[in-house]
Amino acid sequence: MQIDYELTLRDFIDAFTAHRYRTVSRKWLTRLFMSITLLLAVLLLIGVLVKPNPQDTKILMPYFVFVFLWIGAMLVLPRWSARRQFLKQPGAHGPRTVLLDATGVHWRWNGGSSDIDWKNYIRAVEGKSQFLLYTSPACFNIIPKRALSSEGLIELRHMLNQNTIR
């Protein structure tokens with residue numbers, strides 16, 4: 001199976017999101033923790049607004065700053081990191097070809113190539129708009145779904161199920 005494509009900044013951002021939420025438990029624990037933190041912040045804010053007390057406001061201000069910075073970091077840092085990596089990685093630009101066969105995955109891109117046996121892939125993750133193929137817990141290659149037909153998606157899923165731990 002051969003796939004030809006070009007990576008985009010959107011591919012990198014979506015891949016970082018899929019990587020961050022690669023397991024269902026991680027996705028839901030993050031959502032749960034964020035929801036509890038926001039709910040607590042809203043309840044404290046309502047308490048401060050209903051019964052204003054300068055002393056309480058002064059004590060709670062660091063908590064509100066922490067919540068604001070934490071939410072900002074959760075939303076902004078992954079996008080910033082993906083953008084930075086995409087722009088500073090010459091190999092991410094230009095046409096790419098990936099050939100999947102019985103022996104492994106063969107990558108070709110502007111300026112390089114790589115042949116990796118299936119035994120070296122530890123995991124494959126399917127995100128909303130791409131597949132991530134992992135050679136280590138944090139190192140992955142991206143295959144965007146937009147480069148595949150519906151038959152190609154089925155074939156790729158079948159190959160990954162046969163050859164990687166999901």
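No lab work stands behind these numbers, since they all come straight from the coordinates. Being a predicted model, the structure only gives us computed values, none of them experimental. Methodologically, a virtual Cβ is constructed for each residue, glycine included, from the backbone with ideal geometry; neighbour enumeration extends over all protein chains shown.
Quote to one decimal, in nm, the extra length available between Ser136 and Ser25 on full extension: 0.36 nm per residue of separation minus the C-alpha distance between them.
38.0 nm
Membrane-span-like helices in the chain, defined here as complete DSSP H runs extending at least 18 Å along the helix axis by their C-alpha atoms with mean Kyte-Doolittle hydropathy no lower than -1.0, are 24-50, 54-88, 150-163; this is a sequence and geometry rule, not a statement about a membrane. Relative contact order for segment 15-166: what is it in percent, counting Cα pairs under 8 Å that are at least 6 residues apart? This gives 17 percent for segment 15-166. Put a dot 7 Å past the Cα of Arg83, heading toward its Cβ, do the same for Thr103, and the two dots end up 4.2 nm apart.
Per-residue extension of 0.36 nm, minus the Cα-Cα distance of Val76 and Arg146, leaves a gain of 22.7 nm for this segment.
Values of log10 I(q)/I(0) for segment 85-166 across q = 0.11, 0.21 Å⁻¹ run -0.28, -1.09, by the Debye formula with one identical scatterer at each alpha carbon and no solvent. Projecting the Cα atoms of Ala102, Trp80, Asn141 onto the dipole axis of the chain, where Lys and Arg carry +1 and Asp and Glu carry -1 at the beta carbon, places Trp80 farthest toward the positive end.
Given R₀ = 35 Å, FRET efficiency for Asp115-Arg10 by Cβ-Cβ distance, to 0.05? With a Förster radius of 35 Å, E is 0.80.
How large is the helix-only mean residue ellipticity at 222 nm for the chain, computed as the sum of -39500 (n - 2.57) over DSSP H runs with n ≥ 4, divided by its residue count, in deg cm²/dmol to the nearest 500? Walk me through the intermediate numbers first.
Working: 4 runs with 88 residues, N = 166.
My calculation for the chain gives -18500 deg cm²/dmol from helical runs alone.
Once the Cα-Cα distance is subtracted from the 0.36 nm per residue extended length, the Ser129 to Leu153 segment shows a gain of 7.5 nm. For the listed peptides 111-123, 138-150, 3-15, a ranking on the average number of other beta carbons within 10 Å per residue, highest first, reads 3-15, 138-150, 111-123.
Of the labelled figures (i) 127; (ii) 112; (iii) 101, only one reflects volume of the Cα convex hull per residue in Å³ as derived from the coordinates, namely (i).
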